[in-house]
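The values are calculated or read from the model by the stated rules, or taken from the named source; none is laboratory data. Here the structure is a predicted model, which is why all the values come from computation and not from measurement. Heads up, the Cβs are rebuilt from the backbone with ideal geometry, glycines too, and the neighbour counts pull from every protein chain shown. The area values use the complete protein model at the heavy-atom level, side chains included, leaving out ligands, DNA and RNA. Shrake-Rupley method; radii C 1.70, N 1.55, O 1.52, S 1.80 Å.
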Amino acid sequence: MNPYALSILLSSLAVGTITTLSSSHWFLAWVGLEINTLAMIPLMTKMHHPRSTESATKYFLTQAIASALILFSTIMNAWATGEWTIITMNDNSSTFMLTVALAIKLGIAPFHLWLPDVMQGLNLTTCLILATWQKLAPMSLMIMTNHQLNTNLLITMAVLSAVIGGWGGLNQTQIRKMMAYSSIAHLGWMTLVLSFSPNLTTLNLMIYLMLTSSMFLMMTTLNSTNINKLSTSWLKTPLLASSMMVTLMALGGLPPTSGFLPKWLILQEMTKQHLGAVSTLMAMSALLSLFFYLRLSYAISLTTAPNTSNSNMTWRMTHNQMQILPTMIMLTTMMLPITPTLLAMLN
């Protein structure tokens, strides 16, 4: 893609997200979401492949439906209450419609079906943007309106997302689809605690962004999109392959990695709210997700490709865009000891 066009599109993505994050008026927030969507579609179609065109079409249709629902719900709320500010969503039907629209935007179950198919048709860099940056604006709107959303609806969607995110990734061989189902499961954990502790949702979102970013950057460095390609990564770069294993364990939520921190705090909060059955179900669904992370770890470390490379090991870390990778890997593994500091910052 032309560098000038790419810079304009990336700038538009940033402007759209910042507009939504900084607005207090529903119309401005909606405009920011629209700028985000329209900047994302050319990035999706830059591969000139039928799969990428299909992904861009699916993405456009789902986001257009969600945007129409957001606009409709805010107009209904303004008609009922006379207010356009984000924090005054007092009409029940408008609030329900807004929750559904933001769930479609994010890919929360049962409105998740577009996300795995869309991610499968994109290259890894665009997948990274879709799985991380594109979650910021809709999730910020959910956090801003958390006190007005229906708690029972959020808990139902959260449990569904965690179960479907774990169950859907079990039989996949494509890593992009696995990461899509991983994203759905993590969004379930964020949605679960949204009504009770928005600060924990913010912490979970930050850690999810770091883990997913480091995973996609490693996949880009190794040029791996399925399990078969991943099995040759140990021969190319053993250190990076072992780092990927640790990142996968962090995504699964195993201690002492950073991924354990939000799950532990969310389950603690749910227990305080006397939601023991929901906590148990979420913990069990986390085991489903952990299974396919372990499957990927097994493919990386304990399987050897049938055709061993006879060439010298190639230097894989010379690209400028990969200089951030060691920092991301450190954050992936070593945030658990600073838990009290993080909680103090959020409170």
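Does Met270 count as within 20 Å of Pro326 (Cα to Cα), assigned to a helix (DSSP H, G or I), of a type outside the set (Ser, Thr, Tyr) and open to solvent by less than 60 Å² (accessible area, probe 1.4 Å)? Spelling it out, it is not the case that Met270 is within 20 Å of Pro326 (Cα to Cα), assigned to a helix (DSSP H, G or I), of a type outside the set (Ser, Thr, Tyr) and open to solvent by less than 60 Å² (accessible area, probe 1.4 Å). Take the residues in the stretch 225-252 that are farther than 26 Å from Leu205 by Cβ and small (Gly, Ala, Ser); name whichever of them is most open to solvent (accessible area, probe 1.4 Å). It comes out as Ser242. Please indicate, with yes or no, whether at least one residue in the stretch 129-136 is modelled with pLDDT of 95 or more, open to solvent by 20 Å² or more (accessible area, probe 1.4 Å), part of a helix (DSSP H, G or I) and farther than 19 Å from Ala56 by Cα. Yes, there is a match, as at least one residue in the stretch 129-136 is modelled with pLDDT of 95 or more, open to solvent by 20 Å² or more (accessible area, probe 1.4 Å), part of a helix (DSSP H, G or I) and farther than 19 Å from Ala56 by Cα. With the requirement that a residue be among the β-branched types (Val, Ile, Thr) and within 11 Å of Gly169 (Cα to Cα), what does the stretch 269-299 give you? The answer is none; no residue qualifies. Flag not set for Met215, criterion: open to solvent by 30 Å² or more (accessible area, probe 1.4 Å), outside the structural domain of Thr99 (by the TED database) and at pLDDT below 95.
Of everything in the stretch 238-258, what is under 16 Å from Pro337 (Cα atoms) and free of Cβ contacts under 8 Å to residues at least 60 places away in the same chain? Give them in sequence order. Residues satisfying the conditions are Gly253, Leu254. Checked against the criterion of being assigned to a helix (DSSP H, G or I), in contact with an Asp or Glu (Cβ under 8 Å, 6 or more places away or on another chain) and surrounded by 17 or more Cβ atoms within 10 Å (Cβ to Cβ), the candidates Gly16, Gly32 yield just one match: Gly16. Would you check if there is a residue in the stretch 116-123 being open to solvent by less than 30 Å² (accessible area, probe 1.4 Å), part of a loop (DSSP other than H, G, I, E, B) and on the phi > 0 side of the Ramachandran plot? Checked against the condition, which is being open to solvent by less than 30 Å² (accessible area, probe 1.4 Å), part of a loop (DSSP other than H, G, I, E, B) and on the phi > 0 side of the Ramachandran plot, the stretch 116-123 yields no hits at all.
Any residue in the stretch 96-112 that is touching a Phe, Trp or Tyr at 6+ places or on another chain (Cβ under 9 Å), assigned to a helix (DSSP H, G or I) and of a type in the set (S, T, N, Q)? Scanning the stretch 96-112, I find no residue that is touching a Phe, Trp or Tyr at 6+ places or on another chain (Cβ under 9 Å), assigned to a helix (DSSP H, G or I) and of a type in the set (S, T, N, Q), so the answer is no. Inspect all residues belonging to the stretch 24-37 and state whether any of them is more than 20 Å from the chain's Cα centre (by Cα) and within 20 Å of Thr125 (Cβ to Cβ). Scanning the stretch 24-37 turns up no residue that is more than 20 Å from the chain's Cα centre (by Cα) and within 20 Å of Thr125 (Cβ to Cβ).
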